[in-house]
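Novice: Mind having a look at this structure? Questions to follow.
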Amino acid sequence: MIPHPPGGAFAHPVTTGIILATIAVLTVSGLAILWLSKSGRAKPEFRRELWLRWASWCVLLPLMLGPVLLGRPWTIGAVTILALLCYREYARATGLFRERLLSLVIVLGILAVNFAALDHWYGFFVALWPLMACLLAVATIPLDRPAGYIQRTALAILAFMLFGAGLAHLGYMANDPGYRPLVLLLLTAVALNDVAAFTCGKLIGGPKLLPATSPNKTISGALGAVVVTTTLVALVGVAIFRGTPLANPVWLIAMGALVSVAGQAGDLLLSSIKRDLGIKDMGTVLPGHGGVLDRFNSLLLVAPAIFHLVQYFLGFGLTQPTRLITG
Amino acid sequence: MEEWKLRPARDLGLRPLDRLRSLGRESGLVSLALNATWRRSVRAYLATAHRFRVEGRENLPAGPPFVLIANHASHLDALALSAALRGEAARRAHAMAAGELFFGSAARSAMAAYAINALPVWRGRSRRGDLDTMRTRLAEDSLVYILFPEGTRSRTGAMAPFQPGLGMLVAGTQIPVVPCWLEGARAAWPAESRTPRPGRPLHLTIGPALRFPDARNDRTGWEAVSTAAEAAVRRLAPRGMQPGPPEPSSN
């Protein structure tokens, strides 16, 4: 159980703090871009790019943070929609969408695993990962079309792992009454991790991290992000996990480093997929960012990693009623 | 072992409206479900309101790819031809539709793309490249095209000469071209009317498929294909092509 004071959505000071900080960052960055535009320091196309990104964030942040504030079903619902959108982009980019049967099974799997989260049925929630892997492995055998079996099955299992089983951990966290500060921290820390990597990379420069996978990322950027994100997560973690076995500097620093490393790994995972396919962006939905996956790639691995770290020390929603729908 | 390749969607990276209008549009689960619902509704409507009958279904090839062609007098034509298909052929069928009319606005494009599964043909714009894309997709993606080689709906009921576009799609290939004659569509929904007129019968005759493996993929070849296809469609017309003959009373 994550400690939580009684009261509504804003009962925890960290929740209020993260929301206020987000609004402050949006306002300050908006003013900074405005100043840049007025002073004529940046090229017009760079200014346009900055505005597009900023405007996308203004739409995206309420859509991300709003459901978390609204409550448990909203959070799980938003994660379900996010998972389906991510799968759609992945399927169209890899060509897996042409395998209609597999696509249908994956979509049903995503719905099932998020239903398990909504039902607060941990047994079904964890069982779905191996069961879906088995189902996806046999689903296309009756089609009697062995050509491409290994490839389509591998693509399908990876898809369910990332967007189904993996991402659903974020929604499952909402079964704990104290989920809000933790989920908000993850959503914002992952975004900050990207910004920190970009900024440190630009400021310090130096050798590239993995030039063939992602030509713009530098080692200094990656390490800078680890330092910045670890510090932030550890400091906010002190306030979230006060009085629990996790409130120990070693574990909090480990948690921060895990957010940063898993976030960057998710980013590189998507970069590898895009490089392999020879495409730049996964979609066009978010102006200035690309597709939904281009924005949320970092969350894919962070969600299960942090879930199981917190689960090991505290557990999620242990005092809450279970199997709310299935009884 | 065949080499296996990752093949992103042909319409990847297009903005939503451009995607609907793209000749490379590929259906996902949502489009397939919408299109299946639409097809079933159209089939039910045609069966009840127009006593739709199909003759010569055995002439349809076992599976895609193939091209279905017919005389054109009504918006019901493409709906009726697609309603005659079943299974994989029905799911992969794309009607060629006038871009100006069916893809003019975003709402119409969504309707044309998701419900009818239409592909736009634009009058007098970049025809060669578009037709090359369609020719490639027909074979590679194993599609079914529904098209009306007259180019526009007949206002009199008489069939106009065929345009050579059909030849550009199939000349020099083994892809079957299936000629059809649709009788009664002009009475059931004439070009002058905004809505269909229920109660008028519709009758589709499907003829034996033609193949053009030896036709050259140039203007003379395309014209030869069009001429042969036009003759095959005309042969299916009741009583030698008279405009608006009375319907047979038997059902």
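Values quoted throughout were computed directly from the atomic coordinates according to the rules given, and no laboratory measurement underlies them. Since the structure is predicted, the reported quantities are computational estimates derived from the model, not experimental observations. With ideal geometry, Cβ positions are generated from the backbone for all residues, glycine too; neighbour counts draw on all protein chains shown.
Novice: Among A:274, A:38, which comes first, second and so on when ranked by fewest other beta-carbon atoms within 10 Å?
Specialist: A:38, A:274
Novice: Here's a follow-up. Under a straight-distance cross-link criterion of Cα-Cα below 17 Å, which lysines are reachable from residue B:5, leaving out those fewer than 8 residues away in the same chain?
Specialist: Once the sequence-local lysines are set aside, what remains near residue B:5 is A:274.
Novice: Find how much the distance from residue A:108 to residue A:319 grows on full extension, using 0.36 nm per residue of separation minus their present alpha carbon separation; answer in nm with one decimal.
Specialist: 73.0 nm
Novice: Alpha carbon centre of the range A:305-324 versus the range A:110-141: separation in Å?
Specialist: 18 Å
Novice: Helices from chain A with mean Kyte-Doolittle at least -0.5 and a Cα length along the axis of 27 Å or more, per DSSP H: which?
Specialist: A:13-39, A:44-70, A:72-94, A:100-119, A:179-204, A:219-240, A:249-277
Novice: How high is the relative contact order of chain A? Use alpha-carbon pairs under 8 Å, at least six apart in sequence, and give a whole percent.
Specialist: That works out to 23 percent.
Novice: Picking from A:178, A:17, A:109, which is most flexible by a Gaussian network model of chain A using Cα springs under 10 Å?
Specialist: A:17
Novice: Putting +1 on Lys and Arg Cβ atoms and -1 on Asp and Glu Cβ atoms, find which of B:231, B:178, B:204 reaches farthest to the positive end of the dipole of the range B:16-236.
Specialist: Final value for the positive-end residue is B:204.
Novice: For a quick check, take a GNM of chain A with Cα springs below 10 Å and name the residue from A:118, A:31, A:101 with the largest mean-square fluctuation.
Specialist: Highest fluctuation among the options: A:31.
Novice: Further question: List A:179, A:172 from most exposed to least, where exposure is judged by having the fewest other Cβ atoms within 10 Å.
Specialist: Working: A:179 25, A:172 28.
The fewest-first ordering by Cβ neighbours comes to A:179, A:172.
Novice: Suppose R0 equals 41 Å; then what is the FRET efficiency for residue B:152 and residue B:5 from their Cβ-Cβ distance, rounded to the nearest 0.05?
Specialist: It comes out at approximately 0.55.
Novice: Further question: Just to verify a number: FRET efficiency for residue B:55 and residue B:234, C-beta to C-beta distance, R0 = 25 Å, to 0.05? Could the numbers behind the result be given before it?
Specialist: Details: r = 17 Å, r/R0 = 0.66.
That gives a FRET efficiency of 0.90.
Novice: Under a 5 Å amide H to amide H cut-off, with H placed in plane at 1.01 Å, what residues pair with residue B:95 once short-range neighbours are removed?
Specialist: For residue B:95, whose amide H was placed from the backbone, the distant partners under 5 Å are B:118, B:119, B:146.
Novice: For q = 0.07, 0.08 Å⁻¹, what log10 I(q)/I(0) does the protein assembly as shown give under the Debye formula with an equal point scatterer on each alpha carbon and no solvent?
Specialist: For the requested q values the scattering log ratios are -0.55, -0.69.
Novice: At a Cα cut-off below 18 Å, give the aspartates and glutamates reachable from residue A:202, other chains included and same-chain residues fewer than 8 away excluded.
Specialist: A:49, A:194, A:267
Novice: Ok, one more. Return the Rg/Rh ratio of chain A with Cα-based radii and a Kirkwood Rh.
Specialist: Values: Rg = 20.3 Å, Rh = 20.8 Å.
My calculation puts Rg/Rh at 0.98.
Novice: Could you work out how far apart the two model spin labels at residue A:308 and residue A:253 are, taking each label as a point 7 Å from the Cα in the direction of the beta carbon, and quote it in nm?
Specialist: About 2.4 nm separates the two model spin labels.
Novice: Now for a different question. In peptide B:21-30, how many Cβ atoms from other protein chains are near each Cβ within 10 Å, on average?
Specialist: Mean number of neighbouring Cβ atoms from other chains: 3.
Novice: Any chance you could check the Cα centroid distance between the range B:165-181 and the range A:1-74 for me, in angstrom?
Specialist: Each part's Cα centre sits 57 Å from the other's.
Novice: While we're on this one: To check you understand DSSP bridge types, tell me what percent of the beta bridges within the protein assembly as shown (both residues inside) are antiparallel, rounded to 5.
Specialist: So the antiparallel bridges amount to about 30 percent of the total.
Novice: Now for a different question. Residue by residue through A:93-100, how many Cβ atoms from other chains fall within 10 Å of the Cβ on average? Walk me through the numbers on the way to the answer.
Specialist: Values: counts 5, 4, 8, 3, 8, 6, 0, 5.
Rounded to a whole number, the mean comes out at 5.
Novice: Okay, moving on. Within 10 Å of each Cβ in B:7-20, how many Cβ atoms from other chains are there, averaged over the peptide?
Specialist: Across B:7-20, the average partner-chain Cβ count within 10 Å equals 4.
Novice: What ranking do A:18-27, A:216-225, A:91-100, A:140-149 get when scored by the average of other Cβ atoms within 10 Å per residue, highest first? Please list the in-between numbers first.
Specialist: Working: A:18-27: 14.6, A:216-225: 20.0, A:91-100: 21.6, A:140-149: 11.3.
Ranking, from highest mean packing down: A:91-100, A:216-225, A:18-27, A:140-149.
Novice: Turning to a different aspect of this structure: Kindly put A:1, B:159 in sequence by how many other C-beta atoms sit within 10 Å of each C-beta, fewest to most.
Specialist: A:1, B:159
Novice: Then there's this: Under a crude label model (7 Å from the Cα following the beta-carbon direction), how far is residue A:204 from residue B:132 in nanometres?
Specialist: 5.0 nm
Novice: For the pair residue B:140 and residue A:143, what calculated FRET efficiency results from E = 1/(1 + (r/R0)^6), where r is the Cβ-Cβ distance and R0 = 35 Å, to the nearest 0.05?
Specialist: 0.95
Novice: Excluding residue A:91 itself, what net charge comes from residues whose Cβ is under 9 Å from its Cβ, given Lys and Arg +1 and Asp and Glu -1?
Specialist: +1
Novice: Which of B:119, B:76, B:17 ends up with the largest GNM mean-square fluctuation for chain B, with Cα atoms connected below 10 Å?
Specialist: B:17
Novice: Starting from 0.36 nm per residue, how many nanometres of slack lie between residue B:174 and residue B:105 once their C-alpha separation is accounted for? Don't skip to the end; give the middle numbers.
Specialist: Values: separation 69, 0.36 × 69 = 24.84 nm, distance 3.68 nm.
Roughly 21.2 nm would be gained on extension.
Novice: Can you give me the Cα centroid spacing of the range B:88-160 and the range A:231-245 in angstrom?
Specialist: Going from one Cα centre to the other spans 60 Å.
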